[in-house]
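What follows is one structure encoded as structure tokens, with my remarks underneath.
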Amino acid sequence: MMLRWLSLLLLALAAACDPCAGVGACVEPQVRYTGLVTSLFPDFPARGVRVEFVRTSGVELEDARIVAVADSLGNFVLEGRTRDEGTVTGELTFFPPAPIRPVTVGGVEMSTARAAGELRRLGTWRVEYPFFAYSGRLFHRNNGAPFGDSTRVEFRRTGGIPIYPDTFVVYTDSLGRFPLRPKTTVMGEVTGDLLVHRLPPFQSTVVRGVRLSTFTIPRLDSIIQVPVGIGLPYQVLLTWQETGEPAGGVTVQFRRTGGVRMLPDPYVTRTDPFGTVALSPAPLEAGELVGDLVVQLPEPRGEVVVVRGLRLPTIDDARPTQFLGFFAIPGGPDA
């Protein structure tokens, strides 16, 4: 009886010294560590980053290197068998999406374990990673005022690099601003459409072909301007009759003769060096504006040329500037 008791005592003492006691079955010596990798700017999970550990000293690994890939939360697990118990030292290399250069950290130590299922913490690491930091600004086309608080804006990917989610919804703040910051795992450019969901009786506004490029270092947000509401985005080109060259620097008036009201009335502007001029007074209601284009020729001619009966329908979407045509006016650049 005494002999049996002594045998049980020796077994208990041996179990107390066994690193596997109370944890589960023992396995061959191994390293098994979990870590977290995040983006440098801003701080969010660096999804899909490949992680490699290469031994430089200490106990030997059965394989030349240990490889892992960060999951959607940025977590990775480095797991590999060793030829003996102890500590292995090596280099940890992170491979962000190309063309971002890999990052190597030396002197990383991992201790072996024999308890099945044991997982130790390696720490958190930060690397350069692609991200978007764009903002949009929604404003009234006719007066430039911010358009509505809590207006629903939807981005739908149509091409370019993959993003997640590929369709997302954001809302404007009191200044008409809204964020455009989807996630991605690659460097490049995404294209998509912006849908501004307006309350009835107005129709939704669609801005097609919006381009967002990734970057890796902090910078000011790129602002995408989105005009909505009724407007008159029209443009004409003036040329000199004698030479056909652009009539730059010429004073132009648009005088309303009928249709919707506008501000200012009359609308006065000048052609740019390329002879183009925007006819974009602010309409006070939807409909059609009717008026005359009055061109004041420069001295010494000093004549007035009138193009009568222009009809400009107001536009209630985000279409780009509409070109009405070109008009030849008397004289030349040196007349």
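Here are the numbers for this structure:
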quantity: All strands (runs of 3 or more DSSP E) inside region 233-276 with 2 or more residues being in contact with a Pro (Cβ under 8 Å, 6 or more places away or on another chain); calculated: 234-240, 251-259
quantity: Number of the condition not met by Val59 [criteria: (1) open to solvent by 40 Å² or more (accessible area, probe 1.4 Å); (2) at pLDDT 95 or above]; calculated: (1)
quantity: Test set (1) within 30 Å of Tyr134 (Cβ to Cβ); (2) open to solvent by 30 Å² or more (accessible area, probe 1.4 Å); (3) at pLDDT 95 or above - Glu91 fails condition number; calculated: (1)
quantity: Cross-chain or 6+ apart pairs with Cβ under 7 Å, region 236-258 first and free of Cβ contacts under 8 Å to residues at least 60 places away in the same chain and at positive phi, then surrounded by 15 or more Cβ atoms within 10 Å (Cβ to Cβ) and assigned to a loop (DSSP other than H, G, I, E, B); calculated: Gly249/Thr271
quantity: Residue pairs meeting the criteria (Cβ under 6 Å; at least 6 apart or on separate chains; first closer than 30 Å to Thr104 by Cα, in region 127-148; second assigned to a strand (DSSP E or B) and modelled with pLDDT of 90 or more); calculated: Val127/Phe94; Val127/Val103; Tyr129/Ser39; Phe132/Leu212
quantity: Qualifying positions in region 116-135 - of a type outside the set (Lys, Arg), touching a Ser or Thr at 6+ places or on another chain (Cβ under 8 Å) and under 29 Å from Ala98 (Cβ atoms); calculated: Leu122, Thr124, Trp125, Val127, Glu128, Tyr129, Pro130, Phe131, Phe132, Ala133, Tyr134, Ser135
quantity: Any hit, region 262-285, residues being among the aliphatic types (A, V, I, L, M) and in contact with a Lys or Arg (Cβ under 6 Å, 6 or more places away or on another chain); calculated: yes
quantity: Filter result for the condition that a residue is open to solvent by less than 20 Å² (accessible area, probe 1.4 Å), at pLDDT 95 or above and in a strand (DSSP E or B), over Val226, Val190; calculated: Val190
quantity: Qualifying residue in region 289-307 (condition: open to solvent by 60 Å² or more (accessible area, probe 1.4 Å), under 30 Å from Leu138 (Cα atoms) and either modelled with pLDDT under 90 or not hydrophobic (A, V, I, L, M, F, W, C) (or both)); calculated: no
quantity: Residue within region 65-79 that is of a type in the set (Phe, Trp, Tyr) and modelled with pLDDT of 75 or more present; calculated: yes
quantity: Checklist (1) assigned to a strand (DSSP E or B); (2) out of contact with any Pro (no Cβ under 9 Å at 6 or more places or on another chain); (3) open to solvent by 20 Å² or more (accessible area, probe 1.4 Å) applied to Phe178, failing item; calculated: (3)
quantity: Residue check, Arg120 within 30 Å of Cys26 (Cβ to Cβ), open to solvent by 60 Å² or more (accessible area, probe 1.4 Å) and in contact with a Phe, Trp or Tyr (Cβ under 6 Å, 6 or more places away or on another chain); calculated: yes
quantity: Test result for Gln203, touching a strand residue (DSSP E or B) at 6+ places or on another chain (Cβ under 8 Å), open to solvent by 50 Å² or more (accessible area, probe 1.4 Å) and not hydrophobic (A, V, I, L, M, F, W, C); calculated: no
quantity: Residue list for region 108-134, restricted to those being more than 27 Å from Asp84 (Cβ to Cβ) and of a type outside the set (A, V, I, L, M); calculated: Thr124, Trp125, Arg126, Glu128, Tyr129, Pro130, Phe131, Phe132, Tyr134
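The values are calculated or read from the model by the stated rules, or taken from the named source; none is laboratory data. Here the structure is a predicted model, which means the values were calculated and not measured. Cβ: placed from backbone, ideal geometry, glycine included. Neighbour counts: every protein chain shown. Just the protein is used for accessible areas: all its heavy atoms, side chains included, with ligands, DNA and RNA removed. Shrake-Rupley method; radii C 1.70, N 1.55, O 1.52, S 1.80 Å.
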